[in-house]
Amino acid sequence: MAKQKKPKLRIRKANCNGCMSCQINCATLKEGICAPVRARIHVQLDPWRARHRIAVCRQCKEAKCAEACPEDAITLSDDGTYWAIDYDLCKGCRECVEACSFDAIFYDPQGDRVIKCDTCQGDPLCAQVCALEAIIWDG
């Protein structure tokens, strides 16, 4: 019996044109407002070279953010596919932000909390709205 592969967001940075539809749709879904800074995915634009970096949680097997959290507020979902923040436990210390090697946990100044991608719990909107397939969900 073949081992089942864990679904994952795949980034094709060469396909990204910097439209930020992923970021805008994420913020709208998660926060109910079109405010890209409040998204769980960030497109870092480089207009001079037309190359853009997409910063999003990689759902690490051994998550340094979860290890760094003194409140154990970042936990793996029951099905083992994504890490999520429990805001009842999170105290906002931002240790997870510092621990993330991929700059994929963000501080939301308006909500006064840290935020990160939870893959929309297995149905990521960013991949659905990316017309150029710079973001792909292989789940």
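Overview of values
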item: Dipole magnitude (debye, nearest 20) for the chain, charges at Cβ of Lys, Arg, Asp, Glu; result: 760 debye
item: 18 Å Cα-Cα threshold exceeded, pairs from Lys64/Lys116; Lys8/Lys91; Lys13/Lys64; result: Lys8/Lys91; Lys13/Lys64
item: Centroid-to-centroid separation of region 97-139 and region 6-55 [C-alpha atoms, Å]; result: 8 Å
item: Anisotropy class of region 33-103 from Cα gyration tensor, a/c 1.5 cut; result: prolate
item: Label-point gap, in nm, between Thr81 and Phe102 - each point 7 angstrom along Cα→Cβ; result: 1.6 nm
item: Among Gly92, Ile54, Cys34 the positive-end extreme of the charge dipole of the chain (Cβ point charges); result: Ile54
item: GluC sites (Glu not before Pro) within region 40-101, DSSP loop, no more than 10 other Cβ atoms inside 10 Å; result: Glu62
item: Projected label distance in nm at Gln44 and Cys19, using a 7 Å step from Cα toward the beta-carbon; result: 2.3 nm
item: For the chain: accessible area per residue (Å², 1.4 Å); result: 61 Å²
item: Options (1) 15.9; (2) 16.9; (3) 15.5 - which one matches Kirkwood radius over Cα pairs in Å as calculated here; result: (3)
item: Whole-percent carbon and sulfur share, accessible surface of region 31-104, 1.4 Å; result: 48 percent
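The values are calculated or read from the model by the stated rules, or taken from the named source; none is laboratory data. Quick caveat: nothing in here was measured; it's all calculated off a predicted structure. A quick note on method: Cβ atoms are made from the backbone with ideal geometry, for glycine too, and the neighbour counts reach across all protein chains shown. All accessible areas refer to the heavy atoms of the entire protein, side chains included, with ligands and DNA or RNA removed. Shrake-Rupley method; radii C 1.70, N 1.55, O 1.52, S 1.80 Å.
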